[in-house]
Amino acid sequence: MEEIEVIHSWSVPRSLSTCLMYSFAQRDDVEVLDEPLCATFLRFTGFDRPYREELLSKMESDGNKIVKEVIFGPGGKKYRFCKHMAKHRVPGLPDRFMKKGKHIILIRNPLDILSEFDEVAPPSFKELGFADLVTIYSELSELGKDPIIVDEADLQQDPEAILRSLCEDLGIPFQATMLRWEAGPKTFDGVWAQWGYAYESAHKSTGFPPAREYPAPFPFSLYELLEQNLPFYKILRCHVRKTSSLLKTPFPEPDLPVPANKNLLAWVGDEIVTRNDAKVSVFDSIVQGGDGVWEGLRVYNGKIFKLEEHLDRLFDSAKALAFINVPTREEIKQAIFRTLTRNGMFDNAHIRLTLTRGKKVTSGMSPEFNLYGCTLIVLPEWKPPVYDNTHGITLVTATTRRNSPNNLDSKIHHNNLLNNILAKVEGNNANAADAIMLDKDGYVSETNATNIFLVKKGRVLTPHADYCLPGITRATVMDLVVREKFILEERRISLSEFHTADEVWTTGTMGELSPVVKIDGRLVGDGKVGPVTRRLQQAYKNLTEESGVPIPTYKSIN
């Protein structure tokens, strides 16, 4: 006789696990078992249930016998579908229990589950079993038997598509009979079916019920339980073939510019977290009003270039915006060093350092609501210079004018970057690397992201920092210009002077020193990177190699 193939379905209470069992029961090649380990669970844990005594008198509770004689015992059909609650997998079950058969994990958002719990078994961390589900997932993955994870929300939205996908993953043909069944109790229902909301609703069903248009109010007495279980649900949801969401995106998962950044660690608040958990509160001022200050830092050969200068500007910006409860300079340094060390990032890395006014006690504009202190974010990435510093870049002039100090002083390095973003949109639409921004009088200020220089007849010119940020890379390059014996002039510069320049380059931490070979359709000089630019690029490179604040752990690790 051919050995029966077992399909294990693992779930938590108040899910569509019973409907899924009914679905598989409609197949002509499947027999089903409803929670065969329930009695084993009750005997092992001592948990009370209204049906406990009846169940223990009618159902085998020896886990080894159940696994050997019931779950993997002889059968009359090709497949056996076993519906399990995650919490029913108690210690002492035979090893073959997990190793044999195929496994499905059915998940449901605990926000929905807790809204529907009844009086049969009051909700608790153990009763829900999300931690057990994650353990099951991990153990199966270690065995090389990755389970198929299905989110109930997806199953409700498109039962046929999800069932077809599920059958494909299980290696069995889809049968249309799985979509419908007769209402009422089933002969294979467990003894407990007469108790509780879950089976009552399942007995009324004739197919997978659609989700409610509007959910039930949440019982806030269970809020702490929700907080405990949501992280486990999110872990499993990451492995669903199609993630459920109220607001679905039509876009596929994008490729990252640097794939290694998929698995990075960031500092948020007062801890280091994974990329997917690197989030701030919806009450944070950075969300509520772009109310934060930031710096870009680069790491070269175990050192952070111009760290002290960047921290000076960060604290100046925070003071100008009247931040209070700001972390100390040493605290911010330690957060940076620890985050870089955890990531093993000691070269060719960029840090986006952000300090927000912090979380508010209620939504609103007023800083009086910020009673938690500032939020510190250290976001490191593997990031080579973002522009083509070998062949040069193209710029266009934006119609968006740079903010005047009359409105918002650009010397405050703030996160409210809409002025720059609007100019960048114009640059993107013109297929240019960036866009030049003019001041209110029509003189060149900077680009949307960098400061800008030109060379004319051996003289190096750059605009006054009246409307633009006086960049730290800008100041560094200005020092190098003098050191390399060029004449430096800082003054108002018109756009036509850039159009007719011999050489042009931009400066910024993220891009370093980037040659510009075309502006508004006009070649800069002969359209190639010029000699002054090349010389200053090399001088800048030499400076980054010989200076910077050492990362304390760099030598000990390397």
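The values are calculated or read from the model by the stated rules, or taken from the named source; none is laboratory data. These numbers were taken from a predicted model, which means no experiment stands behind them. Using ideal geometry, Cβ is built from the backbone for each residue, glycine included, and neighbour counts are taken over all protein chains shown. Ligands, DNA and RNA are excluded from the accessible area calculation, which covers all protein heavy atoms including side chains. Shrake-Rupley method; radii C 1.70, N 1.55, O 1.52, S 1.80 Å.
Answer rounded, prolate or oblate for region 247-387, using the Cα gyration tensor with square roots of eigenvalues a ≥ b ≥ c: rounded when a/c is under 1.5, else prolate when a/b is larger than b/c, else oblate. Oblate.
Comparing THR394, VAL326, VAL482 along the charge dipole axis of the chain, the residue lying farthest to the positive side is VAL482, per the Cβ-charge model.
Computed about the Cα centre, the dipole magnitude for the chain is approximately 1220 debye when only Lys and Arg (+1) and Asp and Glu (-1) carry charge, each at its Cβ. Here region 219-378 is assigned +1 on the Cβ of each Lys and Arg and -1 on the Cβ of each Asp and Glu. Its dipole about the Cα centre then comes out at about 540 debye. Among beta bridges identified by DSSP and lying wholly in the chain, the antiparallel ones come to about 60 percent. Considering the chain, its Cα convex hull presents a mean projected area of 32.2 nm². Accessible surface area normalised per residue over region 419-473 is 37 Å², counting heavy atoms of protein chains with a 1.4 Å rolling probe. State the percentage of accessible surface on region 449-558 attributable to carbon and sulfur atoms; use a 1.4 Å probe and exclude ligands, DNA and RNA. The C+S portion of the solvent-accessible surface of region 449-558 is 52 percent. Protection proxy ranking of 174-184, 314-324, 282-292, by the mean of other Cβ atoms within 10 Å over each peptide's residues and highest first, is 282-292, 314-324, 174-184.
Ligands, DNA and RNA are left out, and with a 1.4 angstrom probe the accessible area of region 484-558 is 51 Å² per residue.
A straight Cα-to-Cα reach below 17 Å connects LYS303 with the lysines LYS333, LYS383, LYS541, LYS555, residues fewer than 8 places away in its own chain not being considered.
The C-alpha atoms of the chain define a longest principal axis, and helix 329-343 lies at about 60 degrees to it.
Does anyone have the angle between helix 531-546 and the longest principal axis of the chain? Alpha-carbon axes, 0 to 90°, nearest 10? Tilt of helix 531-546: around 60 degrees.
Against the main long axis of the alpha-carbon atoms of the chain, helix 418-429 sits at an angle near 90°. A probe of 1.4 angstrom, applied to the heavy atoms of all protein chains, finds TRP294 with accessible area near 40 square angstrom.
First compute the accessible area of region 265-331 with a 1.4 Å probe, then give the percent of it belonging to carbon and sulfur atoms. Answer for region 265-331 is 53 percent, counting heavy atoms of protein chains only. Selection among LEU469, LEU417, PHE453 by position relative to the dipole of region 393-471 gives PHE453 as farthest towards the positive end (Cβ unit charges, Cα centre). Residues ASP434, ASP441, ordered by accessible area of protein heavy atoms at a 1.4 angstrom probe radius and largest first, appear as ASP441, ASP434.
Annotation: ASP146 carries an accessible surface of approximately 110 Å², with a 1.4 Å probe and no ligand, DNA or RNA atoms counted. Computing the accessible area with a 1.4 Å probe over protein heavy atoms, can you report the carbon and sulfur percentage for region 22-103? Roughly 47 percent of what the probe reaches on region 22-103 is carbon or sulfur. Solvent exposure of region 288-361 amounts to 38 Å² per residue of accessible area, where only protein heavy atoms count and the probe is 1.4 Å.
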